[in-house]
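The values are calculated or read from the model by the stated rules, or taken from the named source; none is laboratory data. Note that this is a predicted model, so its numbers are computed, not measured. Backbone-built Cβ (ideal geometry, glycine too); neighbour counts: all protein chains shown. Only protein heavy atoms, including side chains, enter the accessible area calculation; ligands, DNA and RNA are left aside. Shrake-Rupley method; radii C 1.70, N 1.55, O 1.52, S 1.80 Å.
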Amino acid sequence: MKYLVMIQGTQADYEAQGGKGSADAPAWSEQDIQAMYAHMSAINDDLAETGEIVDGNGLAEPAKARHVELGADGKPVITDGPYGETKEVLAGYWVLDCANVERVTEIAARILQCPGPEGTKQFPVVIRPILDGGGDV
């Protein structure tokens, strides 16, 4: 079964990783960043070795996002980010091919152990099974 494993963050988290901390997101040092990269790289290496990783990547900060919606007239309305109403956004993802939900949950628990500065908010890791076709609905 394939699963989408998602990590979340906020614009403040991205800014904190760039050294600009706030009350909600303490500033990350270069050592904090390197520890995070080492942790995530170890997970990716292990998943590559087991053959479970299909794809994965971090995503650009919310300020670089674009939302496209249909307006009342049926034409696209494009809004650049960030948005005042936006809180948590998708910060990164993995597409994993695991034998069962227990295994992907084990991987998500490992992702949650990612190091960061004291006071960094811990967001949940979201697991969503990927449907293989219309018959899965």
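Annotation: of all residues in the range 1-33 being in contact with a strand residue (DSSP E or B) (Cβ under 8 Å, 6 or more places away or on another chain) and β-branched (Val, Ile, Thr), the one that is farthest from Cys98 (Cα to Cα) is Thr10. Looking only at residues of the range 1-46 that are touching a Ser or Thr at 6+ places or on another chain (Cβ under 8 Å) and of a type in the set (A, V, I, L, M), we find that the one that is most open to solvent (accessible area, probe 1.4 Å) is Ala12. Among the residues of the range 110-137, which ones are loosely packed, with under 10 Cβ neighbours inside 10 Å and assigned to a helix (DSSP H, G or I)? Gly134, Gly135, Asp136 - these are the residues of the range 110-137 that are loosely packed, with under 10 Cβ neighbours inside 10 Å and assigned to a helix (DSSP H, G or I). Would you confirm, using the coordinates I've provided, whether Ala16 is within 17 Å of Thr120 (Cα to Cα) and touching a Phe, Trp or Tyr at 6+ places or on another chain (Cβ under 8 Å)? Yes; evaluated as a whole, the condition is true for this residue. Candidates Val68, Val54: the one that is in contact (Cβ under 8 Å) with a residue 24 or more places away in the chain, over 20 Å from Glu15 (Cα atoms) and either out of contact with any Cys (no Cβ under 6 Å at 6 or more places or on another chain) or not in a loop (DSSP other than H, G, I, E, B) (or both) is Val54.
Of the residues that make up the range 79-92, is at least one of a type in the set (Val, Ile, Thr), touching a residue at least 60 places away in the same chain (Cβ under 8 Å) and surrounded by 11 or more Cβ atoms within 10 Å (Cβ to Cβ)? Within the range 79-92 (the criterion being of a type in the set (Val, Ile, Thr), touching a residue at least 60 places away in the same chain (Cβ under 8 Å) and surrounded by 11 or more Cβ atoms within 10 Å (Cβ to Cβ)), the answer is yes, since at least one residue qualifies.
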